[in-house]
Each structure stands twice: as structure tokens, then as C-alpha cells.
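Below you'll find the structure, written out as C-alpha cells, and then a few comments.
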Amino acid sequence: MTGRTTGPTLLELRGVSKTFPGVRALADVRLDLRYDEVLALVGENGAGKSTLMKLLSGIYPIETGEFFLDGNRFEPANPRHAQELGISIIHQEFNLMPDLTVAQNIFIGREPRDGGFFLNERRLNKQAAKLIERLELPLDPRALVGGLTVAKQQMVEIAKALSYDPRVLIMDEPTAALNEAEVATLHELIRRFRSPQTGVIYISHRMDELKAIADRITVLRDGQYVDTVDIASTSMKEVITLMVGRTIASDARPVDVRADREVVLSVEGLSTKTLLKDVTFELREGEILGFAGLMGAGRTETARAIVGADPIDGGTIVLRGRRVRIDNPADAARHRIGYLSEDRKQFGLLLEQDVNANITIGSLAEQFSAYGFMQDRKMRAGSQRLVESLRIKTPSILQTARNLSGGNQQKVVIAKWLLKNCDILIFDEPTRGIDVGAKEEIYTLLNDLTAQGKSIIMISSELPEVLRMAHRVAVMSEGRLTGMLTADEATQESVMHLATLRPDTNPEDAAELGLEQSVGEEEIR
Amino acid sequence: MTTASETRTSLAALPVGVRDKLQQLLAFGSLLVIFIVFSIAGSPNFLTYGNVLAILYSTVVIGTLALGTTFVIITGGIDLSIGTGMALCAVMSGVMIVNWGLPWPLGVLGTILFGGLIGLVNGFNISILKIPPFIATLAMMLVAQGLALVLAHSTPIYFNDTPAYSKISRGELIPNFPNAVVVLAVIAVIAGVLLNKTILGRYTYSIGSNEEATALSGVNVRKWKIIVYTFAGLFIGLAGIMISARLGSAQPATGMGYELQAIAAVVIGGTSLSGGKGSIVGTVIGALIISVLNNGLQILSIPQEWQNVILGLVILVAVYADMVRKKEA
Amino acid sequence: MTTASETRTSLAALPVGVRDKLQQLLAFGSLLVIFIVFSIAGSPNFLTYGNVLAILYSTVVIGTLALGTTFVIITGGIDLSIGTGMALCAVMSGVMIVNWGLPWPLGVLGTILFGGLIGLVNGFNISILKIPPFIATLAMMLVAQGLALVLAHSTPIYFNDTPAYSKISRGELIPNFPNAVVVLAVIAVIAGVLLNKTILGRYTYSIGSNEEATALSGVNVRKWKIIVYTFAGLFIGLAGIMISARLGSAQPATGMGYELQAIAAVVIGGTSLSGGKGSIVGTVIGALIISVLNNGLQILSIPQEWQNVILGLVILVAVYADMVRKKEA
Amino acid sequence: GDDEGSDASGGEEQPYIAIVSKGFQHQFWQAVKKGAEQQATKEGARITFEGPPTEQDIEAQVTMLTNAIAKNPKALAFAALDSKAAAPLLEDAKSRNIPVIAFDSGVEGDIPVTTAATDNKAAAAEAAKHMSDLLGGKGKVALVVHDQTSKTGQERRDGFLEWMKANAPGITVLPPQYGGGDQAKSADITKSILASNPDVTGIYGANEGSAIGVVKGVEEAGKKGVKIVGFDSGKAQIDAIKNGTMAGAITQNPVGIGEQTVSAAMKVIRGEEVPKVIDTGYFWYDKTNIDDPKIQAVLYQ
Ligand SMILES: Nc1ncnc2c1ncn2[C@@H]1O[C@H](COP(=O)(O)OP(=O)(O)OP(=O)(O)O)[C@@H](O)[C@H]1O
Ligand SMILES: Nc1ncnc2c1ncn2[C@@H]1O[C@H](COP(=O)(O)OP(=O)(O)OP(=O)(O)O)[C@@H](O)[C@H]1O
Ligand SMILES: [Mg+2]
Ligand SMILES: [Mg+2]
């Protein structure tokens, strides 16, 4: 049951190939998008999805292959041309101007003008506000994009893409940065967008959402077309098998709850000027403590505060009973605490440096240096080992990080922390953009780490992932810790309930958390 | 500390736009402080109408160059050719007005356009040939320096027969207020409007903030970069006019070193060399800080070898103070 | 075109590491071409042992400064204080050796360390006070310029009584081969090793390509930035020695403008001002390109006003050619 | 072609004289160059004339000297920014039997076969004397000098200061200010001086750029009755003297220096005798004698 179509299709790609130095990214790939459909495009990290979409949106010149829109052949010359043809893309990596506001970003190049040259900022902001409202996104048109979280930046991208009123909307892992609630909003957007004139190509590694949104799935593997299947008549297991060419272990819940183990980290009353209020929790040896919450809940800030990346306003951090003072990530590292940021491009990767440098940068001093000299062979061996165990798809460990696929870049960042020997690892959205197969491997690696007695804080917006991996789940909302659930207590419902409590605005919620007084204090202050 | 957090929260409450404006005003701070210090510590001769005029007047050339360069630097570029480029433009003005005998208004126009040409070449080398701005404009710096000498046969060109020309700088359409200062004020306003209210300004910021993303958004980045450098070139031309009008002659050998002062003014004004951030107000303040310091230190008759030492330290403190203030905001 | 694509594929086949090495070698290209052109077009006086030595010898001071600055620029920073800082170091050397009568080896050591101190201050201002490198080092440039004049009472300090001192530059431990050139070669090798084989070098690159990410990887970025600037300072000190040894005197007012030439050498050598990329080989080539051009143009007796014009154009072409070559690779 | 390009035609037979000067962009040096070229064409020599961008660029000058020697000239004319720095190279020249002619300010040591120079200090003293006369021996005098480290700068400053100290008790002299010879900067400095010392009655500009700067500054400040004494010539300065804004100025004989240097070099090449010192002299000129042909001869426009 292949997806080959008869009759005109909205978009059709035939025999598309593309090579990069040392890499054959695409080989004779085909794809067709029907009117009024959402076509999911899946494949392992480095399968060629983004490359295909970049060809389609005029970023890379077409080497070989034919493109048809409404049955008419076309060749996107450059991004603008593609836009004019009605092809609009949300890239996997953000393309935003941090120094401009949300509105300015959305309408860059299409600013409402007076006399062709003068900006009409009021109209610009009005337009943006209207759009944002229509899309029901929690964005302020006047906010500087640089100050937004990844999730919000993702929303700006979405708003921007939709503002072109495209016929073909391409979304390259739009939900990687989003959590359940936001994913739902996005799906709603897509449903409203699709029409008999339009279609959506939807790239994602989150199998669970495909059933909800997609009609058909096209699978790529190693730059080659595998198959296209109808969602209805296919199970995700089959799709995954098509993707990775093998069946993978189903999800098992964590077994032993580790109440007996020693407390390695205890955070008390952690607060920051911007967001956090009195965050208190304990992390036990060999434990995976999941952190759930809606965007802006403060999980990332908690992590950043603990490792000293952001200044803290109050609260204490105790390591194995010893109170410690952590002013910057270097201090944290010295105390064997590592933080993997949710934002790999800004806070994770050395894009210009090679894979080897990226993986070893954190462990250089303590593992790979003798009298200040780097031990090259040892380093390469180390990186090579991780490249293999994480199956990072790269021609060589000397490949520049920039040239890796999104997911493989993420793997590189993870590899950095797996190599560095930390007792406490804080992973913020660790599996962002990573394919199902690789996820399994990473889960296994995390469990190995805990088996070695290391402790992990796992911040994730993918609830299933949290529920599956975490021994306990901490839930945050509005900068507060609203609940701490054991593996058995933790369910979609229980977590979501705690995640949506609004103690600062809603007295009942405050009461439920026993916060009345503190709310009172807030007002007195 | 408390004040800090208060400023923070109170300011944080304001919409971004207003906050920026306020920060720009705060930037006045250092300038004000310096000015007041000189007025008090300084001899009574510092705070006189005449001396204030002298300060403003001495800001004109550097200020003109700095205004254009602000655009370039906000795109994440740099322009080292403004100093000697200015000298070359001054010489061109001399060639056109004195040697060719063009009427001076034509000569002025031609010179400004010639400055634009210099910028255009820079823009082409940077935007099309993709040569790093530092190199492209360094090369232009050397070429301009040489050409200025060649065209002028290594001797100044004097505007004696066109007294009107000197009036551009020293004339006083407004009584007791030299035209040069008026010119600076006017072009500063124009530059400010262009940077904040036009697509030129918007793309200037956008390119500096993320060139790749701007291009992917369908903006013709190549074109706009060329436009920005050409635009900045017009200021080189104008600076060439202003300095030759002040001196009554085109000096082919001057100009070297002006680029550093102009860039310093821009950066002291809070424009980031990594691009994306900056303002005209800031640049004007930056330029004023430099000339107020130069003037004040001489007025206080500080031994000259100490003047640079103090100048350096004050710049350091001023910038640091502004940064702290901004952080608090 | 065909050749281009061929080069591409053939090179693409190679592992990345080897490819980089090859690119560095390709960078020699421009230098070689320029050299050959001069040897042919140039008078017989160009390609003589004596003149080649003269070229190398004239590269020493700029080269020394450029080596240290390479590290700074790779971190994404800049150092404008190297020129006048060098003058200040030269003066310090004079003060220690001539005025205080220290034995010259001690004076040399002291001067190099003093250079390190200048760098340390820069590093502190940039890394701890978070003042933009351009401003911090601009301020230091002014301060150093002033202090040099103050310490030297605005007159050169002559090393007449320590002939050994001049030997540092002009002496010939290797017959017919001035020590200065040996010194440059040695420190170039040291710098190369440090940049490529040590964690200092690795952190230099990673801070330059993503400072925040490097910090979040647990690297004490503040500390390492200070170290890099201090390290670069040592080269300022050494440059101060080399120039005063060459001139036989410490000239307090010389040095302004050297920073631009040194930075130019670094950038022509392919180091990116936005940080993360660069090499010592490149810097050495960049420095040589400049001095070969200067020398060649003078040997060819090109009229001086034309020399800068040609210099600028050749730099443009050389850099462009290297870029094209790299793209093909 | 204002360089040897013109007479490169018969270049081979013509004796080649390499001239390394202290500067090249400034009018003074252009005038020296002009004189040298005139003499060269007259005597059928081929010359090159080079100098560093500023008088601080001593290393650049030393390198130029190196390159000049590398060209094996028949004679080498040299105006040292710092004799000591050039000493080893002059030794080298000597060892290659290249005769060295020093010009402008002398070169220490016995290597130069002759020195065509002016005594800058005496010239500056002359300027001081005229300033004192203009002020009737009393008042407040300021100096705007081009730089504080170069030999020329120091001599033209000290000559003035020392004469004042010795001969004009009635005149108070303000600490010298330095404008790098940049007209605009010197003008700004002048204005600050006038602002902080409104009672200044005389200002001395120690080279062309400084002097013109002083004139501009006084004009811009709208100050009347300040006596200005300048140095060197150039159109602007000549005009200022003609229209009375500048009282007068000292000029050396740059064109003469150029001519004398080349002719001396030719003599040496021909093996003729040359005096150890050729004093190229200096002259005071003002409204009264400016049109005197003897003066006109030594002025450059
Ligand atoms: N600019 C480039 N230079 C060299 N190789 C590249 C470049 N871009 C992509 N590649 C390679 O092409 C292959 C496909 O990359 P692509 O980004 O399309 O994968 P992907 O399917 O999007 O993976 P992911 O799910 O991780 O985003 C990868 O092996 C990648 O290493
Ligand atoms: N890297 C950052 N840069 C700027 N602001 C940030 C950053 N991280 C967090 N914030 C601010 O802190 C608030 C909380 O965001 P944070 O990322 O901590 O929430 P979260 O619970 O981690 O949700 P998510 O990470 O899914 O966005 C955000 O609304 C944002 O304003
Ligand atoms: Mg991808
Ligand atoms: Mg987060």
C-alpha cells in the first residue's frame, strides 16, 4: 500500500538528490503532498528531511530532481521566490533577529510603509497583534525576540510562516520546543489552516502526535525514500520499523523508587528576581527526577539558577550535606554538576568547531590534558566512542558541528555531558529533535548512568518521556514548585493539574498549595 | 542594591520602546557628569558660551563621520576608510571647485556623491566579493590616502577664490552660531529619522542582528548592505566638505586617525561592534564626550602627556558607568 | 570552472583535518605570487639574500604584536593597545636598564612581564568589568601613550651603555642572520604550539565560537579570557624589547598605528574578527605579505604616493584570491 | 611625473641618489623634494625621495633606509629622525662605499661627508626674539608645537623657550601644547588656550600645520590683537602674513636644502671637495619683506 497518487497533487517531488562534501544527503527521493492534507515526513536523524525541505524552499540550489506545484514544474531559485510560489517554511533552527521585536520579526521585508520608505510602526504592531490574536498565541508584538524562551521563539516562527498565507506550509520539527498544551494549540492552528487549496508537510520525531495530526506518513532512511503509508491503516510500531529498519523496545516504566538512597542535592527556597519563588526539592543518588510544567513555568530558570548561570535572589543549595555557593557554571562543574541547555544553538554548540572539539570541551582540563597539553589521540578515541554509541551521523569527528543535522547536533551536546564525568546531570529537553530510535538508546544510557549512582534532573516538555523515565516528577507553575509526584502517582492528569495551578492569580489554587499567607505577603511587599 | 532592584522592576514594567528611550537618556549621564565636573573644577572659562560653541564646533567633523559609521557598525561591519576617504573627498572638492572652477554648490554636491562612490566600492567589495569589512575598508583607507596625494600633487588646494565655501563651516546664518554646528545637528536628526523610521534603518538593524535570517526572510541583504555603505559614504563626502571648509583648504595628508576617533565615538555611544544594537543619540553623545574631554583637559591646562592618560581612564569609567546603569534598567 | 569543481571533489574526498592543513598551505599562494612578481618585475636588488633578510627583519616587530593579537582576535576580542603599549614597554625597558641600571637580561624579563601586566589589566576590564574589548583597549591605548611620554620625560632613552641590548635585535648568533628574525621564528613556533596543542588554544577557539556555551560547559571563561589577554600582553612586552633593541633607544612616541598594521596582518592571515577561526601560520603569512609589499614597492622605487594605492589594491586582491581558493577547497 | 619616472629614460647612465627624508606628505618635505628634483634634472642625476608618514615613525624610516641602501645608490642623502637608530645602517653604507650626505637636521657621527642643515634651535630663538619685539617685551605667550619627541619639534620648542627665558623676563610663557601638526587639532587647542587664558597676547606655531592651526583658532575665536608668529611657509601662512593675521614667520630654505643636498651628493660622486657643513640658513619674513625676491625664493606656496 504505497502512497503513489493518481490525479493532480498539490506538490510533487521526483528523483531529488543532494550531496554535501563527504555526505550523500539525498538520493533519488520522491514525495507528494495532496490537497487539504497533512503529510508527515519522518526519518532518523540525518535521514535528509531538512535538506529536502531546504531544497524545496530555495535555500540550496537543486542539483537533480523535478518539482511540481499543482502539476506545474517549478524551480525555487531563492527563499523569496519560494515564498512567492506559496511555499512557506518553519526551519528546524530558528531564523530570528534577536534585536528586533516580535512584530518586526514576523513582518521583516514586508513592513507596512508610508511612501514606500517610511515605516508605519503602529500599523506593523496592529497587524502583528491581529495575527497573533487570530492564531491565539501568547506573544507580545513589542517584546524583543532575544528575551523570549525557545518555546516562544518557536511561536514567532510559526506566526511568521503563517503570515505569508502560504499554500504549502512546511514545518520542520515545530513541536520540538513545545509541550503538550502548546502542541495542542499548534495542531489546532494546522487544522484551521488546511483547506482544499493548501497542504502541510510536517516533520516530527514525536510519534505520538502524528496520529493526531497527520493523514499520511512519508518515511526517509539514509537519504533514501522508503515508503509512504496512510496513518489510519498503519501502527506507529510499523512506521518506526520503517524508519530505523529494526524494531525497538517498547516503553518500560522505571522500576525501583529510590527513597532509600542518599540525598546528593537538596535545593531550599530557591528564588530569582525574574521568576522563581521558593523552589525546594531533593535529588537522590541514582535517581532521575523529572521536571514537568508549561512553558515559562521556570524549569529552565531553576536549572540555570542551580548551576549559577543566572543570579539567584535567595535560597540554599546543599550537596551531600555540604552547603555550597555556586556563582557560575565553572563552580558547578567543579562540584560535578552539569547542565545541558534547552537551547543547543545559543548555549550548547560551538558551531564553527568540529565534533571532536564540541564533545571534549567540557572534559578537556580533567581528562585530556597533561601539563596543559591536549592529549589528541585520547580525545579522538573518546569522541569516537560516543559518536558510535550515540550513532551520531557524521562523516568524521572532524566534521564541523554546523554541518550536522539538528538531531545529530543535539546528540553531540549530549555526548559532551556523557563524556564529562558529573555526579549530577541536569538535562533540559535532552531529546529535543532526536529520533525515536536514538531516544531509546539515550534512555538506556541515562539508566546506565543512574545505575552507576549518578543522579539526573530531566526537564522535558514531552510528558510521556518524563512519565517513562522519572522516578519522581516535580511539577512547576509560575515559578513555583506545585507538586512532587512518585512514579506511580504521576499520570497525564495529575501532572497537568499541578502544571496549570495559578497560585498567584487564583486563591483556590493558592489554598490548595497552602500558600494563602505567602500570597498575602506578596501583596504587603 | 534596593534602588537597583527598584529601577529594574519599575523599568521592567514599562513597554520596551519607552525603556529604550529612557536608557538613551540615562546615557546622557556620563556626559553630564563630565561636563559638570569641568564646569566646577574647571576654570570659569570652561562654561562660557564661546567655549561651549568651540566644543560643538570641534565635534563637527568627527561627528559627521561617526553618524555614517553608526549605520555600518550596526550592520555588524566596520569602516576604516572614513578618515583618509574624507581627505580624498576634500581634495576632490578642491579639484572640482578650484581646478575645474565648478560653482561651489555643484562642487559640494559632487563631493558628497563622490563620498557615496567610495562607500559604494566598499559596499561592493564587502557585499558582493564577500571580503571582510575590515580588510575591504583597510584597503580603501590606503588607496584613498594615496589618491588624495596624487590628485592634489601632494600640496594643499586652497579655496581662496571662493570665500562662500568657507562660510559653509564658519558662516553664521544664525548669529553667533557657526553653520557647521547647524549642519551637524541637521544631519544627526536626518540620520536618526532614517535609522528609526525607515526600512533602511530596519534592515540595518536586522542585518546586524542576524544576516542569514534576514536573507532567508526574503530581504535582499546584498543590495541593502551596499546601500548602507554607500549611504555612510555620503557622510564621508560631507565630512570632507566640512573639514576643508573649516581649513579653507583641502589637505591631502590629513585624515589618518580620524576613523579611530569616529569609531570610538560610535562605540562609546553604546553601539555594539557585533552589530544589531546602537543609536544615533548614543553616537552624538559619544562624539561629545570625546570633544568635551579634549577641550576640558586643555582648558584645565593639564600637561599634555597626562591628558591622554586621563582621557583613557574617563572613557573607561564613563562606559562602565553607563553599562551598570543599563544593567540596572 | 571545471578545475574548480575538480578541486572541490578531490579535496572533499580528503578528511576534514587534512583539508584544513591544505587550505593553510594554499594561503601561502598570494604571498608566493607577490614574491615572484617582485622577483621578476623587481630590480635585481629584490631577490638578494640581503634584501630577503631585510624583509624578514622588518617583519619582526609587527609580527611579534600580530602573534599575540591572533589569540585575542580568535576569542572574538580585539586589542588596540598593542601599539602604544609596545612604546610604553620599550620605555619601561629603558627605565629599568638605563635609569635603574638593572642588568639587561633582568630588564628584558621585567619588560616582558610588564607587557603581561598591560594585558592583565585589559583582561580584567574586559572579562570582569565586562567592558567591550574595543573600548577597554582603546582606553589602554591612550593611557599607555600618555604614560610612555611621562616616564620618558618625552625624550628617547638611549641604551648606549649596554651594547649587548642592541645585540638582541641586530646580533648574529647565526652568522649573517639577525637574532631578531630567530626570535620571531621561535615565538611563532611557540605560539603555534600553544594555539593548536594546548588547552589554552582550545579554549581560545571555543570562547571565540560560543562564549556562553563554553561557560555552560564548565569552563571558567572569565579566567581564561584574562589569561589570553595577559598572554597577548607578553608579546607586547617582547615587541617593546625588539623595537627598542633595533633602534638602540626607547622612543616614547612611536607605536601609534602599529596596532592597525598588526591587526591587519592577523586578518589578512584569515583570522576572523568575529572569533572562532584563525591560525598562526596565517598570521605569519599576513605579516610577511605586508612587509614584502612595503619592501618591494620601495625597491621598485614606486613613487611614494602610489605605494599605498598599490598596497591597498594588492591586499584586496590577495585576500579575495585566498577566499576563492578556500571556497573551491 | 613629479618623480624620477620622468628621467628614468636615460636612467642607466645617470648616477642614482637615494634620498630618505623625515617626512614626505608635509609641504616642507615636498618643497625639499622639489628642490632636490630640480637640482637632479639640472645635474642629470636620478633620485628617489622617501620619508615616513610622521616624524614618530622611526622604525619605518630605518626600514626605508635599509631598502635605499639595498638599491646600491651612488650616494645616500639622509635626514635622521634619530641618528642612533640609523647608525648601524650608515656603517653598512660606509662599508659599501656609499657616501652619506646628511640634510635638514644633522646626523651624529663622522660618517656623513657633509651636512646640509639649518640650526632649528637658532631659528626658533629668532622667532622668539621677533615675538618679544612685537609684544614690547611683556605679555603672555603660548606655544603650539607639532610634537614633543621629534628632534625638530623639540629644537623649535626649546630654542623659543630658552631665548624667552634668557632675554624676555617680562613675558610669561605658557606650557607648550602639541597638535601633531594637524591644522584642525591645532586650531582647537588654540581656542582652548584662548579660552583658559584670555590674556594671551602672543602665540607661536612651530611648524606649518601648527602655525596655520593657530591662525584658524584665533580667527574662529574671534580674538583680536593676538600676535602670531609662525614657522615654515605655505600659501595659507603667506596669506595670513599678507592680510596681517600673522605677524611674521621663520622659514628655512627647504627648496635650497633639496638643491644643496643633491649638488653636494653629485660633487661627492664626482670626487670633488665638499665643506663639512653647508648652512642652508633660515629667514624671518613678514609684511615688510615678504615680496623681497630673496625671501620669495625660499618660500614655498
Ligand atoms: N551544510 C551541510 N554540510 C555538510 N553536510 C550536511 C549539511 N547539511 C546537512 N548535512 C548532512 O546531510 C544529512 C542530512 O541532514 P538533514 O539535516 O537533512 O537531516 P534531518 O533528516 O533533518 O535530521 P534531523 O532529524 O536530525 O533534523 C546529514 O547526514 C547531515 O550531516
Ligand atoms: N535563556 C533565556 N533567555 C531569556 N529569558 C529566559 C531564558 N530562560 C528563561 N527565560 C525567562 O524565564 C521564563 C521561564 O522560562 P523557562 O524556560 O524557565 O520556563 P520553562 O519551565 O523552562 O519552560 P520552557 O523551558 O519549556 O520554556 C521565560 O518566560 C523567560 O521569560
Ligand atoms: Mg532536520
Ligand atoms: Mg526550559
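Highest mobility in the GNM of chain B, judged by mean-square fluctuation with C-alpha springs under 10 Å and restricted to B:34, B:290, B:263, is found for B:34. Here the peptides D:257-268, A:167-178 are ranked by packing, the mean other Cβ count within 10 Å, and the order with the highest first is D:257-268, A:167-178. Taken residue by residue and averaged, Cβ atoms of other chains lying within 10 Å of the Cβ of D:78-85 number 4.
How many percent of DSSP beta bridges within chain A run antiparallel, rounded to 5? Show your work: numbers first, answer last.
Numbers: 46 of 83 bridges.
Expressed as a percentage, antiparallel bridges in chain A total about 55.
Taken one residue at a time, the phi angles of segment D:286-301 give Karplus couplings (6.51, -1.76, 1.60, θ = phi - 60°) of 8, 2, 5, 10, 5, 8, 4, x, 4, 6, 3, 4, 9, 8, 10, 7 Hz. Gly and Pro are set to x. Report, to the nearest 10°, how far helix D:183-196 tilts away from the longest principal axis of the Cα atoms in chain D, using its own Cα long axis and a range of 0 to 90°. Taking Cα atoms only, the helix is inclined about 30 degrees. Counting charges near residue B:141 (Lys, Arg +1; Asp, Glu -1) among other residues having Cβ under 11 Å from its Cβ returns a value of -2. Shown for chain C are the DSSP H helices of 20 Å or more along their axis, judged by Cα atoms, with a mean Kyte-Doolittle hydropathy of at least 0.5: C:16-41, C:49-74, C:104-127, C:133-151, C:179-197, C:221-247, C:280-299.
Computed from the C-beta positions of residue A:181 and residue A:320 and an R0 of 51 Å, the FRET efficiency is 0.90 to the nearest 0.05.
Cα to Cα, under 23 Å, and not fewer than 8 places away if on the same chain: which lysines meet these conditions relative to residue A:454? Cross-link targets: A:411, A:416, A:420, A:439.
The aspartates and glutamates within cross-link reach of residue B:277, meaning a Cα-to-Cα straight distance under 14 Å and a gap of 8 or more places when in the same chain, are A:99, B:20, B:211. Counting neighbouring beta carbons within 10 Å and listing from fewest to most, the residues A:241, D:114, B:155 come out as A:241, B:155, D:114. Between B:225, B:130, B:277, the residue with the greatest mean-square fluctuation in the GNM of chain B (Cα pairs under 10 Å linked by springs) is B:130. For the segment B:245-252, counting C-beta atoms of other chains within 10 Å of every residue's C-beta and taking the mean gives 5.
Summing charges over all other residues whose Cβ lies under 15 Å from the Cβ of residue C:240, with Lys and Arg as +1 and Asp and Glu as -1, gives -2. Summary for residue B:303: label point 7 Å along Cα→Cβ; distances to the equivalent points in the other copies, ascending, 4.5 nm.
Note down the relative contact order for segment D:169-266 as a percent, whole number, built from C-alpha pairs under 8 angstrom at least six residues apart. Could the numbers behind the result be given before it?
Details: 132 pairs, mean separation 21.4, N = 98.
Relative contact order of segment D:169-266: 22 percent.
Residues whose amide H comes within less than 5 Å of that of residue B:269, counting only those at least five positions distant or on another chain, are B:286 (H built at 1.01 Å from N in the peptide plane).
Only lysines eight or more places from residue B:167 in sequence, or on another chain, were considered; those with a Cα closer than 30 Å are D:185, D:191, D:216, D:223, D:224, D:227, D:235, D:242, D:287.
Rounded to the nearest 20, the Cβ-based charge dipole of chain D about its Cα centre (Lys and Arg +1, Asp and Glu -1) stands at 820 debye.
Across peptide C:200-211, the average count of Cβ atoms from other chains found within 10 Å of a residue's Cβ is 5.
With neighbour counts taken as other beta-carbon atoms within 10 Å, the residues A:270, C:102 rank, fewest first, as C:102, A:270. Protection proxy ranking of A:30-39, A:126-135, B:110-119, D:226-235, by the mean of other Cβ atoms within 10 Å over each peptide's residues and highest first, is D:226-235, B:110-119, A:30-39, A:126-135. Rounded to the nearest 10 degrees, the angle from helix A:376-389 to the longest Cα principal axis of chain A is 70 degrees. Sorted ascending by nearby beta carbons within 10 Å, beginning with the fewest, D:84, C:197 become C:197, D:84. How far is helix D:58-70 tilted off the main Cα axis of chain D, in degrees rounded to 10, range 0 to 90? Relative to chain D, helix D:58-70 is tipped by roughly 20 degrees. Between D:179, D:109, D:217, the GNM of chain D built on Cα springs shorter than 10 angstrom shows D:109 fluctuating the most.
Past 25 Å, Cα to Cα, is the threshold; run D:42/D:71; D:121/D:276; D:140/D:294; B:130/C:225; A:54/A:130; A:49/A:237 against it and keep the listed order.
D:140/D:294; B:130/C:225; A:54/A:130, as the Cα separations exceed 25 Å there.
Values in this text are rule-based calculations from the coordinates and carry no lab data. Fair warning: this is a prediction, and the values are worked out from it, not measured in the lab. Cβ coordinates were reconstructed from backbone atoms using ideal geometry, including for glycine residues, and neighbour counts include every protein chain displayed.
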